[in-house]
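Derivation of every value follows stated rules applied to the coordinates shown; laboratory data play no part. What you see is a predicted model, and the numbers here were worked out from it, not measured in a lab. Positions of Cβ are generated from backbone atoms using ideal geometry, with glycine treated the same way; all protein chains shown enter the neighbour counts.
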Amino acid sequence: MSSKILAVIPARGGSKGLPGKNLLPLAGVPLIGYAIACGEALPSVARTIVTTDDRGIANTARALGGDVPFIRPAELAQDDTPMAPVIQHALAEVERQEGVSYDGVLLLDPTSPARDPHHIDQAILQFDARPDLDGVVAVSAPFFDPLWVGIEEAEDGTMRRFFPEAAGVTRRQGNPRRYLRVNGSFYLWRSAFVRRLKSNWLDEGVFAPFEIPEAEAFSIDDESEFRMIEALAAGGFVRLPAVPTEET
């Protein structure tokens with residue numbers, strides 16, 4: 001039996017690292033448009049909503065076909081607001097409005113525009129097949145090998161290996177371990193886990209990794225990263241999904 005999944009797109013109005021980032025045009029489309037298009041392209045998702053405190057973002061999201069069923073309370077849109085209460089509020093509000101319960105929550109941050117809906121559909125299949133899990137989370141293999149190049153600065157100002165087990169490894173290919181990173185492209189959690197989540201999801205549940213290509217995992221937190229993905233997209237190195245044009 002397939003799960004009833006709510007996709008949630010968090011889009012706060014304030015941003016210190018990159019002001020107005022959710023509405024920045026990438027290849028002519030506001031960043032939030034890619035997240036909306038991704039959610040709508042997923043047949044396994046029952047509903048995709050945007051949670052924002054900003055009416056300008058809400059209006060743009062609606063113009064792009066987005067569903068904005070409420071304006072997020074200001075106390076859940078501060079610089080130091082963790083994601084847990086934001087997602088909990090979105091789930092509770094949608095379930096209250098609809099009078100139904102959802103089985104899972106899919107978090108789609110607007111700052112990861114290159115995600116592939118096909119991969120998320122596969123992750124949802126894995127989610128349905130593993131009821132023992134609290135969720136399935138996107139990961140990718142970084143372009144650098146942290147075991148091979150990872151160092152830390154010692155008290156005397158010299159550097160030493162961050163991973164002592166790498167001692168004796170003389171070439172990158174000789175690394176006996178393969179590292180993956182949580183890349184933020186998507187998080188798929190059971191609703192029961194979301195409701196009980198207190199602080200850090202990774203410390204509070206049991207999850208399976210779903211690996212996607214590192215290029216697809218590109219995320220934007222500052223202007224340099226935004227300019228980089230602009231260049232990569234223009235050069236054809238990063239594929240952006242098609243987004244419907246704004247309604248008039």
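Below, the figures for the structure above:
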quantity: Highest average packing first - 7-13, 118-124, Cβ atoms within 10 Å; calculated: 7-13, 118-124
quantity: Highest-first arrangement of 104-111, 32-39, where packing means the average Cβ count within 10 Å; calculated: 32-39, 104-111
quantity: Those aspartates and glutamates that a straight Cα-Cα span of less than 15 Å connects to Lys21, excepting residues fewer than 8 apart in one chain; calculated: Asp53, Asp54, Asp79, Asp109, Asp221, Asp222, Glu223, Glu225, Glu230
quantity: Estimated FRET transfer efficiency when R0 is 25 angstrom, pair Arg62-His118 (beta carbons, to 0.05); calculated: 0.40
quantity: Label-point separation, Glu204 to Phe237 (7 Å along Cα→Cβ), nm; calculated: 3.8
quantity: Percent of beta bridges antiparallel (DSSP, the chain, rounded to nearest 5); calculated: 45
quantity: Dipole in debye (nearest 20) - the chain, about Cα centre, beta carbon charges: Lys, Arg +1; Asp, Glu -1; calculated: 360
quantity: Helix-only [θ]222 nm of the chain, DSSP H runs n ≥ 4, -39500 (n - 2.57) each, per residue, nearest 500; calculated: -8500 deg cm²/dmol
quantity: Cα convex hull of region 68-151, projected area averaged across orientations, nm²; calculated: 8.9
quantity: Correct option for semi-axes √(5λ) of the Cα gyration tensor in Å [calculated from the coordinates] among (1) 28, 20, 19; (2) 32, 19, 17; (3) 32, 22, 19; calculated: (3)
quantity: Residue of Ala141, Ala92, Ala166 that the Gaussian network model of the chain assigns the largest fluctuation, springs spanning Cα pairs under 10 Å; calculated: Ala166
quantity: Top of Asp222, Asp103, Asp203 by mean-square fluctuation, Gaussian network on the chain, Cα under 10 Å; calculated: Asp203
